[in-house]
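What follows is a single structure, written as structure tokens, with notes after it.
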Amino acid sequence: MTQSVKLGTALWLPTLVLICGLCSAAQSTGSAVSKIRFTETIERIRTEKNLTVRANNAANLAAFTQSIHPKKVNDATLKEIVSLLNTDDDGVRGWVAASLGHLGPRARIAVPTLLNLLRKVDCLEGDLTSAGAIRLALTRIGETPPPEPKCVKKMWLSPAG
């Protein structure tokens, strides 16, 4: 038990430091440092092989977008953020959707992608999927999300015997 706690702390402490660093960079609104942080974080989300590190970087992106004024995000960066939704990693998709939601109406270009993605993830099984974050992002952007579908749970049959 002690080892898992130490390991968890070892993983989350650097993430917390990075989030604080991103927030500090965001305070210097419009600075070259903020643009570099955006670029580096987006690149790590796009290229990192370790899924946990990718998800942590996506969480950092969400914290960063929450701490800056949406007008400080240029069109090219906004398009890069939207492109991050094209991943098979649902955890990353959830954080990226949260990032877009933090930008509010500024992220309007993401609406078609978010709506299309919502149709794919709405009935994913699991305790936590990106569907909730996508619905919230759509609402914050100013788009009413479609009603939640009635999803059919897959039943696994046990072999008789």
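The values are calculated or read from the model by the stated rules, or taken from the named source; none is laboratory data. Just so it is clear, the structure is predicted and the values come from calculations on it, not from any experiment. In this analysis, Cβ positions are derived from the backbone assuming ideal geometry, glycine residues included, and neighbour counts consider all displayed protein chains.
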Looking only at the range 66-90, which residues are under 18 Å from PRO112 (Cβ atoms), crowded, with 17+ Cβ neighbours inside 10 Å and acidic (Asp, Glu)?
GLU80
Tell me which of these GLU40 doesn't satisfy, since it passes every other one: (1) of a type outside the set (Lys, Arg); (2) at pLDDT 95 or above; (3) at negative phi.
(2)
Tell me, please, whether a residue that is small (Gly, Ala, Ser) and in contact with a Lys or Arg (Cβ under 9 Å, 6 or more places away or on another chain) can be found in the range 115-128.
no
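What are the residues in the range 128-161 that are within 23 Å of LEU114 (Cα to Cα), aliphatic (A, V, I, L, M) and modelled with pLDDT under 90, if any? Spell out the reasoning first.
Here is the first cut: in the range 128-161, the ones within 23 Å of LEU114 (Cα to Cα) are 128-152.
After this cut, where a residue has to be aliphatic (A, V, I, L, M) as well, the list is 128, 131, 133-134, 136-138, 141, 152.
Result: LEU128, VAL152.
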Could you grab me the full set of residues in the range 121-151 that are over 11 Å from the mean Cα position of the chain (by Cα) and of a type in the set (A, V, I, L, M)?
VAL121, LEU124, LEU128, ALA131, LEU136, LEU138, ILE141
With respect to THR65, determine if the residue is in contact with a His (Cβ under 6 Å, 6 or more places away or on another chain) and in contact (Cβ under 8 Å) with a residue 12 or more places away in the chain.
yes
Has the range 103-120 got at least one residue that is within 11 Å of the chain's Cα centre (by Cα), surrounded by 16 or more Cβ atoms within 10 Å (Cβ to Cβ) and closer than 25 Å to SER34 by Cα?
no
